[in-house]
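The values are calculated or read from the model by the stated rules, or taken from the named source; none is laboratory data. Predicted model, so just to flag it, every value in this text is computed and none were measured. Because the Cβ atoms are built from the backbone with ideal geometry, glycine has one as well, and the counts that use them run over all protein chains shown.
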Ligand SMILES: Nc1ncnc2c1ncn2[C@@H]1O[C@H](COP(=O)(O)OP(=O)(O)O)[C@@H](O)[C@H]1O
Ligand SMILES: [Mg+2]
């Protein structure tokens, strides 16, 4: 497994409507990328298409992950291959506790590597969970609650990052993990992401706002407009967006807008 995610000329339609119109992006282990852009430009569509959501139809292009065709795999296989998506709108699973959910997910991943794997022993799981929850400043009682059931916006996002921390993927896509967070929750979630970041993890942060980038420092910043990445650069690009908004991007790439 080389951990490299390569998106080449990706075109995606939702209900026969073309949304992504040729996206090229490569995320390597250890790299932190930010994908920014106005609402409805296709950022979440990219995330869902990469995870294999059935509503998102690939009409052209390819995605190679670990040197293999990602698009051949179902969502569970993509997850076991090391791809992780933190959802913009996490779903509640009443009746399944956070701890149970995480233990099931860990076991599924380990069984994918070793079909004989008996399941993580309870003491090992407890130690692992405590360590990750401490990292995210989460009270332990959180583990006993039903996943996302009645969680606040901040708790849902923290639960997503807890999944990220326990599953240890090689590429993590964080879709609007900052949206709806107050400043304290944003800091805690960002510190959690920074704590799991490292040479073996590639991170793609999808965000509308520059705010989260005060806490998480991407080396690479991309701007999506109308289903295409129209600008790529360093962190200065995010600063420029904060200062000037998206108007200059729309103006510069006006053709792409009128084509919509
Ligand atoms: N599940 C869906 N059903 C219908 N339309 C969708 C769906 N997902 C995305 N779209 C459409 O695709 C476009 C891009 O949406 P999205 O990827 O959510 O943008 P962003 O995340 O950048 O705000 C929008 O016009 C949106 O209405
Ligand atoms: Mg979105």
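Quick notes
- Tally of residues being closer than 17 Å to residue 25 by Cβ and touching a helix residue (DSSP H, G or I) at 6+ places or on another chain (Cβ under 7 Å) across the range 236-258: 1
- Flag for residue 137 being part of a strand (DSSP E or B) and in contact (Cβ under 8 Å) with a residue 12 or more places away in the chain: no
- Only one entry of 101, 84 meets the criterion of being in contact with a strand residue (DSSP E or B) (Cβ under 7 Å, 6 or more places away or on another chain) and not in a helix (DSSP H, G or I), and that entry is 84.
- Qualifying positions in the range 2-14 - at pLDDT below 95 and either within 7 Å of ligand 1 (Cβ to nearest atom) or in contact with a strand residue (DSSP E or B) (Cβ under 8 Å, 6 or more places away or on another chain) (or both): 3
- Output for the range 106-132, where each listed residue is in contact with a helix residue (DSSP H, G or I) (Cβ under 6 Å, 6 or more places away or on another chain) and either in contact (Cβ under 8 Å) with a residue 40 or more places away in the chain or part of a loop (DSSP other than H, G, I, E, B) (or both): 109, 117, 119, 120
- Scanning the range 71-85 for residues that are surrounded by 15 or more Cβ atoms within 10 Å (Cβ to Cβ), closer than 19 Å to residue 167 by Cα and either away from ligand 1 (no atom under 16 Å from the Cβ) or at pLDDT below 90 (or both) yields 73, 78, 79, 80, 81, 82, 83, 84.
- Of the residues making up the range 207-219, those that are within 20 Å of residue 136 (Cβ to Cβ) and touching a residue at least 40 places away in the same chain (Cβ under 8 Å) are 207, 213, 216, 217.
- Selection from the range 17-39 of residues that are within 14 Å of ligand 1 (Cβ to nearest atom), modelled with pLDDT of 95 or more and out of contact with any helix residue (DSSP H, G or I) (no Cβ under 9 Å at 6 or more places or on another chain): 17, 18
The rows are residues; the columns are (1) in contact (Cβ under 8 Å) with a residue 24 or more places away in the chain; (2) buried (at least 24 other Cβ atoms within 10 Å of the Cβ).
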site	(1), (2)
14	yes, no
21	yes, no
24	yes, no
35	yes, yes
40	no, no
47	yes, no
53	no, no
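- Criterion: touching a residue at least 12 places away in the same chain (Cβ under 8 Å), in contact with a helix residue (DSSP H, G or I) (Cβ under 7 Å, 6 or more places away or on another chain) and either closer than 14 Å to residue 6 by Cβ or not in a strand (DSSP E or B) (or both) - qualifying residue of 63, 91: 63
- Residues that are over 23 Å from residue 26 (Cα atoms) and within 16 Å of ligand 1 (Cβ to nearest atom), drawn from the range 179-210: 179, 180
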